[in-house]
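See below for the structure under consideration.
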Amino acid sequence: MDQTQIDALRAEPVRAFGHLIDGQHLGASDGGTMDVISPIDGTVLTTVAAGTQSDMEAAISSARTAFEDGRWSGQPPAARKKVLLKWADLIEAHALELAVLGVRDNGTEIAMALKAEPGSAAGTIRYYAEALDKVYGEIAPTADDVLGLIHKEPVGVVGAIIPWNFPLMIGAWKLGPALAMGNSVVVKPSETASLSLMRMCELALEAGLPPGVLNAVTGEGAVVGQAMGLSMDVDVLVFTGSGATGRRLMEYAARSNMKRVYLELGGKSPNIIFADAPNLDEAAKVAAAGIFRNAGQVCVAGSRLLVERSIHDEFVSAVAKATDAMRVGDPLRVDTQIGAVNSQTQLDANLGFVETATNEGGQIITGGNRILQETGGYYMAPTIVTGVRPDATLAQKEVFGPILGVTPFNSEEEAITLANSTVYGLAGAAWTSNLSRAHRMVRGVRTGVMHINTYGGADGTVPLGGVGQSGNGSDKSLHALEKYINLKTAWIKL
Ligand code: TXE
């Protein structure tokens with residue numbers, strides 16, 4: 001990673017982005033434009049089109065036409081594979097451009113962004129390109145006088161609503177399998193991180209994806225997102241974001257065509273440290289990184305640290321030491337470890353959580369405040385709060401910011417009870433040298449992914465999906481394909 005190249009890219013002005021509908025780059029329609037504020041310094045970076053209901057309807061209708069005429073859905077798998085592989089290559093070739101554009105828009109530190117954004121997006125698109133001609137139908141074990149065939153068909157038009165924390169990675173988790181299975185897709189990026197995802201969609205057209213197969217509409221969730229949710233012509237809605245919006249999407253589906261809705265809604269993931277952890281120093285460093293990278297704006301962030309009481313003070317000191325050693329600041333510097341908070345709104349919400357935590361009896365060990373205010377950007381000191389009661393707001397509500405709450409426990413049973421005491425269930429970890437205990441923790445903690453003696457980093461070969469109010473359905477792995485197909489039975493009398 002070359003700082004000079006990054007600096008050169010950051011010095012370039014950013015053009016205005018419009019919608020991408022039917023293969024055309026469209027400017028703003030009746031809705032006008034919205035300013036894009038960079039969290040790095042609070043300045044206006046560029047504008048995006050503020051989409052309207054009719055923009056979204058045009059995008060959906062274009063996707064429907066493309067699906068029905070078979071320009072993509074009817075192509076042989078090998079042809080689809082070729083285009084998607086080319087797309088992955090283009091994403092890789094434009095990796096630095098995409099990463100810098102994304103960081104200027106959302107504030108993620110560049111070292112992480114490069115790996116987790118274009119790097120991971122290209123890998124995901126390639127994975128599903130390579131998978132698509134290995135998806136077979138089935139022959140049912142019927143009686144001899146009938147033939148039962150199970151076909152796997154694309155669902156039609158997929159609507160994808162993407163958040164701002166990792167627009168390319170999460171975008172690719174939805175677009176990759178949806179397009180691989182022959183669907184048409186309409187994507188709506190987040191209003192606070194549209195640019196890199198729009199650029200990645202442009203590269204899909206460059207790779208040869210036929211017009212209309214992938215359309216992208218920018219704008220407010222409450223306008224274009226709602227129009228997508230209420231559409232009678234979207235067959236499946238896939239989403240990553242807040243529980244409040246997830247709930248709305250289910251309502252929209254119920255009020256319209258009862259489209260399938262798959263939600264990934266974040267969590268309050270427990271990172272559980274037993275006194276018999278193999279390496280407590282390593283556990284402390286990973287615990288700090290597991291909550292503070294990308295300023296805590298990670299759906300699987302280990303935001304609740306549960307520590308066995310006998311090592312509580314010593315371990316918390318080690319995590320605080322690791323935290324204080326992390327470099328917070330300009331996300332476009334290669335050595336920054338914690339970048340900017342995405343928006344003023346998120347920063348205000350984070351500071352509100354700190355105030356509530358102290359009002360509810362928590363003690364701030366480090367951080368707790370806004371920093372680098374002179375830059376005009378949105379930066380927050382990584383914050384550790386101890387003495388967090390299991391029923392405290394900080395133990396129950398997703399913050400999505402650089403705030404770690406610590407709660408002690410006395411026994412394995414209590415650790416499991418605490419781990420399972422929220423409405424969420426997305427990720428978690430347990431650190432122990434005891435193999436049996438490790439397996440008991442995997443079984444006992446209600447969650448989509450459970451790490452043992454590590455935190456984060458699960459690659460694309462394994463599914464990621466929540467239980468409870470963390471959502472339903474899975475991104476990543478071959479299992480993600482299931483969201484984008486319909487099973488059709490052919491029952492044939494012989
Ligand atoms: O989320 P929203 P926000 C959580 C996290 C964060 C909180 C708020 O706790 O603090 O959500 O973030 C679109 N109809 N996560 O406000 O609103 C919106 O335009 C249709 C966790 O950004 O859920 C954006 O594209 N769509 C998470 C997307 O929903 C609507 C990542 C997500 O925005 C809409 C992000 C509507 N009525 C936030 N309203 C994770 N799990 O990683 C908004 N949207």
Next item on the list: Specify the angular offset, from 0 to 90 degrees and rounded to the nearest 10, of the alpha carbon long axis of helix 344-359 from the longest principal axis of the alpha carbons in the chain.
Entry: 40
Check: When only the heavy atoms of the protein chains count and the probe is 1.4 Å, how do GLU398, GLU264 rank by accessible area, highest first?
Finding: GLU398, GLU264
Item checked: Pairwise label distance in nanometres, THR375 with GLU97, each label 7 Å out on the Cα-Cβ vector -> 2.6
Checklist line | Which listed pairs, of LYS174/LYS488; LYS115/LYS488; LYS321/LYS476, have C-alpha distances above 32 Å, in listed order | finding: LYS115/LYS488; LYS321/LYS476
Next item on the list: Report relative contact order for the chain in percent, whole number only (criteria: Cα-Cα under 8 Å, sequence separation at least 6).
Entry: 18
Next item on the list: Would you calculate the separation in nanometres between label points at LEU478 and ASN410, each defined as 7 Å from the Cα along the Cα-to-beta-carbon direction?
Entry: 4.8
Margin query: Taking just the alpha carbons, could you work out the radius of gyration and Dmax for segment 270-459, both in angstroms?
Written below: 15.7, 52
Next item on the list: Using amide H atoms built 1.01 Å from N in the peptide plane, name the residues 5+ places from ILE371, or on other chains, whose amide H lies under 5 Å from its own.
Entry: TYR379, MET380, ALA381
Note to self: For Cα pairs less than 8 Å apart in space and 6+ apart in sequence, what is the mean separation divided by the residue count of segment 170-316, i.e. the relative contact order in percent?
What the structure shows: 17
Next item on the list: Determine, from the Cβ-Cβ distance of THR142 and VAL462 and an R0 of 30 Å, the FRET efficiency 1/(1 + (r/R0)^6), rounded to the nearest 0.05.
Entry: 0.35
Next item on the list: Check the straight Cα-Cα distances from LYS134 and name the aspartates and glutamates below 18 Å, setting aside those fewer than 8 residues away within the same chain.
Entry: GLU153, GLU482
Item checked: Extension reserve of the GLU206-ALA490 stretch, reckoned as 0.36 nm per residue once the Cα distance is removed -> 98.5 nm
Checklist line | Cα→Cβ-extended label distance, 7 Å offset, between ALA325 and GLU153, nm | finding: 5.8
Note to self: Need one value: the accessible area of ASP276 in square angstrom, 1.4 angstrom probe, rounded to the nearest 10.
What the structure shows: 50
Notebook entry, point to check: So what is log10(I(q)/I(0)) for the chain at q = 0.07, 0.08, 0.09 1/Å, when the Debye sum runs over its Cα atoms only?
Noted result: -0.38, -0.49, -0.62
Checklist line | Per residue, in Å², the accessible surface of the chain once ligands and nucleic acids are set aside, probe 1.4 Å | finding: 39
Item checked: HIS451 long-range amide H proximity, modeled H, under 5 Å -> GLY428, ALA429, ALA430
Notebook entry, point to check: If one puts a single equal scatterer on every Cα of segment 185-252 and applies the Debye formula without solvent, what log₁₀ I(q)/I(0) results at q = 0.21, 0.22, 0.27 Å⁻¹?
Noted result: -0.94, -1.01, -1.29
Check: Taking +1 at the Cβ of each Lys and Arg and -1 at the Cβ of each Asp and Glu, which of GLY362, ILE403, SER317 sits farthest along the dipole of segment 270-459 towards its positive end, judged by Cα position relative to the Cα centre?
Finding: ILE403
Check: When the accessible area of segment 61-128 is split by element with a 1.4 Å probe, what percent falls to carbon and sulfur?
Finding: 60
Check: Where the centre of each part is set by its Cα atoms, how far does segment 341-379 sit from segment 72-142, in angstrom?
Finding: 35
Margin query: Between 0 and 90 degrees, rounded to the nearest ten: what's the tilt of helix 195-206 against the longest Cα principal axis of the chain?
Written below: 30
Margin query: From Cα pairs below 8 angstrom and at least 6 apart in sequence, can you work out the relative contact order of segment 270-459, rounded to a whole percent?
Written below: 27
Notebook entry, point to check: If you find the alpha carbon centre of segment 246-319 and of segment 219-243, how far apart are they in angstrom?
Noted result: 26
Note to self: Taking the 0 to 90 degree range and rounding to the nearest ten, how far is the long axis of helix 435-444 tilted relative to the main principal axis of the chain, both from C-alpha atoms?
What the structure shows: 60
Item checked: Placed amide H near THR240: partners under 5 Å, 5+ positions off or other chain -> ILE161, GLU264
Notebook entry, point to check: List the lysines whose alpha-carbon lies under 16 Å from that of LYS397, not counting same-chain residues fewer than 8 positions away?
Noted result: LYS268
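The values are calculated or read from the model by the stated rules, or taken from the named source; none is laboratory data. Since we're looking at a predicted model, the values are computed, not measured. Please note: Cβ atoms are built from the backbone with ideal geometry, for glycine as well, and neighbour counts cover all protein chains shown. SASA here: full protein model, heavy atoms, side chains in, ligands and nucleic acids out. Shrake-Rupley method; radii C 1.70, N 1.55, O 1.52, S 1.80 Å.
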